[in-house]
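A.B. asks: Take a look at this one; I'll ask things after.
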Amino acid sequence: MLKLRLGHGLRGIAGSSLSLYFLLLPSLSSAADLQPHKAVYDMRLSSVQSGADISDVNGRMVYELSGSVCVGFTVDLRFVVRSVDEEEKETITDLRSSYFEAPDNSQFSFDYKTFIDDFLAEQAQGTAEHHSSKVDVDLSGPDEKKFSFDGAIMFPLQHLHSVIDGAADGQHFMVSKLYDGSVTGEQLFEATTVVGRKLADPLAQRSDQLSLPKALGMAGAWPVSIAYFNLSDGARGERTPDYQLQSVIHENGVTRSMSLNYGMFELEGALVELDLKPMVHVSTCGSSVALEEDASAPFPGAIRKEPLR
């Protein structure tokens, strides 16, 4: 049976350890303004190595970012994949996740579930808090546990900010530690990020299948490659990444033209639906204008009802 850990790559584009000061810099001071949006991607098998026991993989990913820089952001993600082995046995992997980050990156709450053929295979729920030199994690649900990770560690949207800001500053190589609560909630990842030159045409290098909003063509974009390494597996010596993500990311946080490389096989994602929501700027926080413009609340049940093509 093919068991996929498919959520981490799209939950947050990882960022950089630019310096201890920048790592702990609140999002409110970040140059990147994230735009609430809902994006739908069709996923298909683009390559497979010999011996992988895979004949086909296809699916759909739905990513929804809601909230604002004033009150914090929520990410809801659903990733459903149908895989078929060489004996034509079909497996459905269904990852459902939701997390929230405070506007100053101080707190992070998460709820992840992975179903395989309707069986709950993995889940993680809990909260994490930033402190001056560590992150404290409190797991809830069936596996209650408290522990800490030492050092400068980023949460997913903090990573997203840092990659966009680093790219805008001309940085092409970044490394940082990332905690996103995924898998069992006890994993710490290292993200090695390579950023290409800013695209002269923000809508170049397209694999999408729709007419993109004109606003997206005005938002700068960079090709980004990120390798994710599990630092909690006890491995020593030269490491191989759990997987690698290649994508084009816009300065407003919208991701497109992606591929996920899991070593034995690679998935390609095409953007097939994009709904941009109103953006709230930090200058309006605390005013009635900010409250009026914040029309990006998630639609209850919308993520759960997305069909698998």
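A.B. asks: Could you report the accessible area of Ile116 in Å², rounded to 10, computed with a 1.4 Å probe on the protein chains as they sit in the structure?
C.D. replies: The accessible area comes out at roughly 20 Å².
A.B. asks: Relative to the present Cα-Cα distance, how much length would full extension add between Asp201 and Ala215 at 0.36 nm per residue of separation? Walk me through the numbers before you get to the answer.
C.D. replies: On the way: separation 14, 0.36 × 14 = 5.04 nm, distance 1.28 nm.
Value of the extension gain: 3.8 nm.
A.B. asks: Hey, another quick one. I need the phi-derived Karplus couplings for the range 36-46: 6.51 cos²θ - 1.76 cosθ + 1.60, θ = phi - 60°, integer Hz, Gly and Pro marked x.
C.D. replies: Going residue by residue, I get x, 6, 10, 10, 10, 10, 8, 10, 9, 6, 9 Hz, with x marking Gly and Pro.
A.B. asks: Treating each Cα of the range 50-202 as an identical point scatterer and ignoring solvent, apply the Debye formula and state log10 I(q)/I(0) at q = 0.11, 0.15 Å⁻¹.
C.D. replies: Scattering profile of the range 50-202, log10 relative to I(0): -0.56, -0.95.
A.B. asks: Between their Cα atoms, which of Lys198/Lys277; Lys38/Lys134; Lys146/Lys277; Lys113/Lys177; Lys38/Lys146; Lys113/Lys145 are more than 27 Å away from each other? Intermediate results must be reported in sequence, preceding the final value.
C.D. replies: Working: Lys198/Lys277 24 Å; Lys38/Lys134 32 Å; Lys146/Lys277 37 Å; Lys113/Lys177 23 Å; Lys38/Lys146 33 Å; Lys113/Lys145 17 Å.
Flagged as over cut-off: Lys38/Lys134; Lys146/Lys277; Lys38/Lys146.
A.B. asks: A follow-up question, please. If you roll a 1.4 Å probe over the range 141-278 with all protein chains in place, what percent of the accessible area is carbon or sulfur? Display every interim value, and only then the final one.
C.D. replies: Details: 2840 of 5970 Å².
Its accessible area is 48 percent carbon and sulfur atoms.
A.B. asks: Using a probe radius of 1.4 Å on heavy atoms only, what accessible surface per residue do you get for the range 149-228? Whole Å² is fine. Numbers along the way, then the final one.
C.D. replies: On the way: 3130 Å² over 80 residues.
Roughly 39 Å² per residue, with all protein chains present.
A.B. asks: Follow-up. Between the range 164-222 and the range 238-287, what is the separation of their alpha carbon centroids in Å?
C.D. replies: Distance between centres, Cα-based: 6 Å.
A.B. asks: For Ala121, which sequence-distant residues (separation of 5 or more, or a different chain) have an amide H within less than 5 Å of its own amide H, given hydrogens modelled in the peptide plane?
C.D. replies: HN-HN under 5 Å from Ala121: Thr114, Phe115, Ile116.
A.B. asks: Then there's this: Taking the convex hull of the alpha carbon atoms in the range 74-162, what volume per residue do you get, in Å³? Intermediate values should be presented prior to the final figure.
C.D. replies: Details: hull volume 11.4 nm³, N = 89.
Expressed per residue, the convex hull around the Cα atoms of the range 74-162 is 128 Å³.
The values are calculated or read from the model by the stated rules, or taken from the named source; none is laboratory data. In this text, all values refer to a predicted model and were calculated from it rather than measured experimentally. These accessible areas exclude ligands, DNA and RNA; they are computed on the full protein's heavy atoms, side chains included. Shrake-Rupley method; radii C 1.70, N 1.55, O 1.52, S 1.80 Å.
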